[in-house]
């Protein structure tokens, strides 16, 4: 570092440095201010968006409780249009599916679920929508289509939902009278450690393989 003899020399060097670097310093400060302001505005926008989505979802729940089906549908559509990536929009779609099922519009419910499976970026919600769709396929005797839906899911990506898929697969196999495959699917669901309360009853109702062979003789 240079050592200057007088304050005048120090001041002169400082002036020269400022003349050579003032543009970059000013631009740097302005850039930092712009970035800071942008971050603050974005955070405020996200907070405002969450609050708006929350308010719409609360209105939707109120409409559902009051059985105002038209209002539920309009609010769900608004959530999708304005806050489609939010969790509130996903739950709104599930409520809309439930409403269609209760009104007997099973095909409309399936269409909603199929659309959500195609466009949804959340792995968790994609599983939830697919499982609901498979349940509807089971209820409407579309057994092979339900099995195809399960086959399309990568087993490595089923974490947290494996038992649900296995149990539904067992239900579908049982509906097709494929008892051995149903039993294997139920046993696989049991091994996952997240069995439903009904799963053991379903498994107990199936004839063990050894007894099944004896009864056939």
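The values are calculated or read from the model by the stated rules, or taken from the named source; none is laboratory data. Computed from a predicted structure; not experimentally measured. Note that we place each Cβ from the backbone using ideal geometry, even for glycine, and neighbour counts take in every protein chain shown.
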For the stretch 159-197, which positions are surrounded by fewer than 17 Cβ atoms within 10 Å (Cβ to Cβ) and in a loop (DSSP other than H, G, I, E, B)? 159, 160, 176, 177, 178, 193, 194, 196, 197
Qualifying positions in the stretch 48-76 - at pLDDT 85 or above, closer than 19 Å to residue 105 by Cα and surrounded by fewer than 13 Cβ atoms within 10 Å (Cβ to Cβ): 70
